[in-house]
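What follows is one structure encoded as structure tokens, with my remarks underneath.
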Amino acid sequence: MTTERWDNDPVLTVEHVTMRFGGLVAVNDLTFKAGRGDITALIGPNGAGKTTVFNCITGFYKPTMGRLDLAHRDGTRYMLERMPDFKISGKAKVARTFQNIRLFSGMTLLENLLVAQHNALMVASGMTVGGILGIGGYRAKEKEAMERAKYWLDKIRLTARADDPAGDLPYGAQRRLEIARAMCTGPELLCLDEPAAGLNPRESAELNELLLGIRDTERTSLLLIEHDMSVVMEISDHVVVLEYGTKISDGTPAFVQNDPRVIAAYLGVDDEEVEKVEKQLDVLTGEAG
Amino acid sequence: MTDTAHATSRPGPDYAKAAKDALLAGIIALGIFGPLVGLKTEQNMSNELIVRNDMASALIIVAIVMAGRFLLSAFVFPRMGARGKKPTVANAIDEGVKPDRTKLYARLGLLLLFLYPIIVVSLLGFQGSLKWVDNFGIQILIYVMLGWGLNIVVGLAGLLDLGYVAFYAVGAYSYALLAINFDLSFWVLLPVAGILAAMWGVILGFPVLRLRGDYLAIVTLAFGEIIRLVLINFRELTNGSAGISSIPKVTLFGIPFDASPDGFAKMFDLPLSSAYYKIFLYYLILLLALLTAYVTIRLRRMPIGRAWEALREDEVACRSLGINTTNTKLTAFAIGAMFAGFAGSFFAARQGFVSPESFVFMESAVIVAIVVLGGMGSMIGVAVAAAAMIGGTELLRELTFLKAVFGPEFNPDQYRMLLFGLAMVGIMIWRPRGFVSARQPTAFLFERKAVSGSLVKEGHG
Amino acid sequence: MEIFLQQLINGITLGSIYGLIAIGYTMVFGIIGMVNFAHGDVFMVSAFIALIFFLVLTTWLGIASVALALFLVLIIAMVLTGLLSWSIERIAYRPLRGSFRLAPLISAIGMSIVLSNFIQVAQGPRNKPTPPMVRDVIVLTDSNGYAVTLSYKQIIIMVTTAVLLAAFWYVVQKTPLGRAQRACEQDRKMAALLGVNVDRTISLTFVMGAALAAVAGTMYLMYYGVVNFSDGFVPGVKAFTAAVLGGIGSLPGAVLGGLLIGLIETFWSGYFSIDYKDVAAFSILAIVLIFMPQGILGRPEVEKV
């Protein structure tokens, strides 16, 4: 077993995480690491438990068992499984997007991005009291927040629509805005739940560019769930494959792509082929054992 | 295409269908109003309950229902159908109001509010103005203030609070009890009442804020009722249903409004009149209401205000952005409650008397109705709704000429709440999002554009 | 022990009335997800209808048999209250279906104000006392001067409630109407696509709820012998509490919740203080919603992310 890059400096370490809903085991003893500065993709067929993993990482669910360890660049560590969701995003700096976009649709694009900077602005406004009375450096801070919002609007090429309500945007733009909003929280790890779903090929290419930009310019690590294999293969540095809540493969895109278990589980095969692959697998595991 | 074709080749009114509809409506109306209006239960001389036949009144109502239904079926509905799926009138108005126009209206309205007592006094004299300043001016402004206070909770944070009147009661009783027992002045007790109400907001808010949807509404209703029932039953402190009387009046920086030598009238050598005190109270509540408005407008542009609105739009997304939703909701609850506390202490000082009767659920319902009818989140809408609903129903008291029509027994006052309820239903059907549904953004890069009400969410609570 | 037994009997009687009203809340909430705030006032109006027709039947038409009069009054009240509720749904709720969520609630509160004030105007603001309709009581035990009694009216209330609930249960479980209702509860759009007349089903749900409220109204009038235009609010809120306590959307839950609220109220009055009995009921509502929002027999709501 060779040590991969993500083993040396992981931003997120998932250890033996299990999530049960009543009798259903959605995630079963999952262990993987996401490297700092990597784009890590979590893939698997429908119902494999990918979104559940996301919800455990971001605190919307508490895992039944297991540990989730987040390490900042400065060495601070956070035990995510013990933190409430808003602290995971606020303190541990894990941002996320949602499978079915959750924008503040009645607020403008600019407002969406300002809300994302809530915690910083809250402190600057002296917990509102200073802001109301007009003392303290709130004005300057708000200006700064506007600049940051503008920076991200430029990045997602929606500056011209800054004062329009988010609900008015076309689908693809809403996805980009959701990513920009998550980035405005200044995250260490950005979790994207199917960012390419419903995008046309051009939008999909733009998205790849945006994500690579986030990795390289912002130095933010990314964890993404994706069905679109072209996106996964093109941009990810590391792929983890889930099936029925269990990890079946973990490695570089090239490695995973050629893993027979992944081919069988994920890409789908005829029944006879499954048998063939299973036989091969038996042989393989037999050899390994 | 078929729509337009249909619209242009629209045949004349279908009278046969309309007649059928009217007949059906008549039968239903007869079933409902026949017994409830036509058969009156009354007590006779020997205190027995008897039924008096008043079928004539019932038949008049049935006839009105039938005529109304006929007109609707024959003329109104076909026309509405022909207008089709085009953007509704409501939408057109949304887009039509430019922000700068709104600002102009707001300024004009403000000017009118400040001049109102002067206008009334110059038209009707001091004595004649009493009713108009007190029953209309002060009464409406109390509800405007309550509406604006609740607007923070319902309109901005999207938390439906059906027990808001409890905080009004806390403010009123705080002032009444502390003023009587500790002889403190209104100006000291005003902030105290606000703080106490805010504290109760936090105490009651804390357990209920994880509830969703209508459940939050019902629990706040329950809390409102509990506070009222405690006020009734905790006789040692509150004197029960009898209430607390002779609550001290407000003074103008120590100058009392009474007939004493250092009273207001004597001091300025004016003839004695209760109108000065009323006018003073009018300006006091106007300033309190404007304080509410000012704080709300400032808060909306603060991070906390944006977080409230974001909470109304999507709570899950808020949590994913690191916003502590519990604290955010609690601040909304507390600040809303604080303004109710201010209004409550004003109310106690104005009436000189408080009793649990003033804080029934119906009051909460009226305030919520004002906020929703005005358009959630819109300050001007809420003010207009308060003026229309409270002023409109107060006006009914004035319709004494109707006695000439319906006979001396007729008392327009008793129809007040009936019409209020009907107006609530009617306005909801006419404009489900209230008078002003467009939302003004709190920040902009290039230009401030109103957000159409159809995109703004109403919150889950 | 005597107090216990007596309060148990009284509690079940009261609980039957609450349960009957609670079904109306739970059915409407189940099918369109709305708190029908006017339901308590529909109950109050039904008691007035019962009062009016009881007087008409006994004094105008001279029906001497109280049993026959009560039976006829019950039928008439159910029909007319159903009609009233149908009209309310048609006028005040249907135009708002699928719009802004608060609109139907505000409309319902408006309707509740309209109903109580309409009765106040039409029938006068005073209490309406009726002479006792059924007087007989059975003395169960009598020791130390404290007699535990079971009155005929209590028996009538319990039996009527049980019979009507059985009939109602049959309708909901075994008839096409019940099936349509359950389909609409699950997914209104899909039900419509599969040929269920959704509007009609919802209307009939309102009518059924109102008919049961009319039974409760008639029983209330018979039990207490007095009714007032403002009598809708408190029983309405308590019945809603019952529906929530049992698990809103669940029919057996509504009945169970009604019985529990009735028992809690009577036992609280019997052992602690009558003054605070409503505080007890409201506190239970708050406590249940805070700690057990799905109620006793309801399904927990899972938040999807």
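The values are calculated or read from the model by the stated rules, or taken from the named source; none is laboratory data. What you are looking at is a predicted structure, and each value in this text was computed from that prediction instead of being measured. FYI the Cβ positions are ideal-geometry reconstructions off the backbone, even for glycines, and counts take in every protein chain you see. The accessibility values were calculated without ligands, DNA or RNA, using every heavy atom of the protein model including side chains. Shrake-Rupley method; radii C 1.70, N 1.55, O 1.52, S 1.80 Å.
Across the stretch B:128-138, the qualifying residues are those that are modelled with pLDDT under 90 and not aromatic (Phe, Trp, Tyr), and the one among them that is most open to solvent (accessible area, probe 1.4 Å) is B:131. Which of the residues spanning the stretch C:54-85 are at the interface with another protein chain (Cβ under 8 Å from one of its Cβ atoms) and open to solvent by less than 40 Å² (accessible area, probe 1.4 Å)? Hits for the stretch C:54-85 are C:55, C:56, C:80, C:84.
Picking from residues in the stretch C:1-48 that are touching a residue at least 12 places away in the same chain (Cβ under 8 Å) and outside any helix (DSSP H, G or I), the one that is surrounded by the most Cβ atoms within 10 Å (Cβ to Cβ) is C:38. Only one entry of C:120, C:181, C:154 meets the criterion of being closer than 20 Å to residue C:202 by Cα, at pLDDT 85 or above and in contact with a helix residue (DSSP H, G or I) (Cβ under 9 Å, 6 or more places away or on another chain), and that entry is C:181. Residue count for the stretch C:244-277 under the criterion of being buried (at least 21 other Cβ atoms within 10 Å of the Cβ), part of a helix (DSSP H, G or I) and within 12 Å of chain B (Cβ to nearest Cβ): the result is 2. Applying the criterion of being crowded, with 18+ Cβ neighbours inside 10 Å and away from every other protein chain (no Cβ under 11 Å) to the residues of the stretch B:22-42, the residue that is farthest from residue C:207 (Cα to Cα) is B:22. Scanning the stretch B:431-461 for residues that are touching a Pro at 6+ places or on another chain (Cβ under 7 Å) and more than 8 Å from chain A (Cβ to nearest Cβ) yields B:440, B:450.
For the stretch C:86-132, filtered to residues that are more than 7 Å from every other protein chain (Cβ to nearest Cβ) and among the aromatic types (Phe, Trp, Tyr), the residue that is surrounded by the fewest Cβ atoms within 10 Å (Cβ to Cβ) is C:86.
Considering each residue of the stretch C:227-238 in turn, none proves to be more than 14 Å from chain B (Cβ to nearest Cβ), at negative phi and part of a helix (DSSP H, G or I). Just the residues that are open to solvent by less than 50 Å² (accessible area, probe 1.4 Å) and over 18 Å from residue C:91 (Cβ atoms), please, taken from the stretch B:45-73. Scanning the stretch B:45-73 gives B:49, B:51, B:54, B:57, B:58.
Would you confirm whether or not the stretch A:1-13 contains a residue that is of a type in the set (Val, Ile, Thr), over 13 Å from residue A:244 (Cβ atoms), open to solvent by 10 Å² or more (accessible area, probe 1.4 Å) and at pLDDT below 90? Checked the stretch A:1-13: at least one residue is of a type in the set (Val, Ile, Thr), over 13 Å from residue A:244 (Cβ atoms), open to solvent by 10 Å² or more (accessible area, probe 1.4 Å) and at pLDDT below 90. Within the option set C:192, C:162, C:167, C:147, being modelled with pLDDT of 90 or more, farther than 15 Å from residue C:30 by Cβ and surrounded by fewer than 18 Cβ atoms within 10 Å (Cβ to Cβ) holds for one residue only, C:162. With respect to (1) open to solvent by 10 Å² or more (accessible area, probe 1.4 Å); (2) within 8 Å of another protein chain (Cβ to nearest Cβ); (3) within 14 Å of residue A:223 (Cβ to Cβ), the lone exception for residue A:55 is condition (1). Here is a check on your reading of the model: is residue A:180 assigned by TED's automatic domain parsing to the domain that holds residue A:124 and within 21 Å of residue A:91 (Cα to Cα)? Answer is yes for this residue. Could you grab the pairs with beta carbons closer than 8 Å, sequence gap of 6+ or different chains, first residue in the stretch B:192-213 and at positive phi, second one crowded, with 24+ Cβ neighbours inside 10 Å? So the pair list comes out as B:213/B:461. Here the helices (runs of 4 or more DSSP H) wholly within the stretch B:257-372 that include at least 3 residues being closer than 30 Å to residue A:190 by Cα and touching a helix residue (DSSP H, G or I) at 6+ places or on another chain (Cβ under 7 Å) are B:303-313, B:315-320, B:325-351. Elements of the type helices (runs of 4 or more DSSP H) sitting completely within the stretch A:28-132 and holding at least 1 residues that are touching a strand residue (DSSP E or B) at 6+ places or on another chain (Cβ under 6 Å) and aromatic (Phe, Trp, Tyr): these cover A:50-57. Evaluation of residue C:207 against the conditions (1) open to solvent by less than 80 Å² (accessible area, probe 1.4 Å); (2) farther than 25 Å from residue C:88 by Cβ shows that the sole unmet condition is (2). Scanning for something open to solvent by less than 10 Å² (accessible area, probe 1.4 Å), at pLDDT below 95, over 17 Å from residue B:305 (Cα atoms) and not β-branched (Val, Ile, Thr), does the stretch B:330-339 turn up at least one residue? Within the stretch B:330-339 (the criterion being open to solvent by less than 10 Å² (accessible area, probe 1.4 Å), at pLDDT below 95, over 17 Å from residue B:305 (Cα atoms) and not β-branched (Val, Ile, Thr)), the answer is no, since none of the residues qualifies. Scanning the stretch C:201-230 for residues that are without any contact (Cβ under 8 Å) to a residue 12 or more places away in the chain and more than 20 Å from residue C:120 (Cβ to Cβ) yields nothing. If you check residue B:347 against the conditions, is it modelled with pLDDT of 90 or more and open to solvent by less than 10 Å² (accessible area, probe 1.4 Å)? It is false that residue B:347 is modelled with pLDDT of 90 or more and open to solvent by less than 10 Å² (accessible area, probe 1.4 Å).
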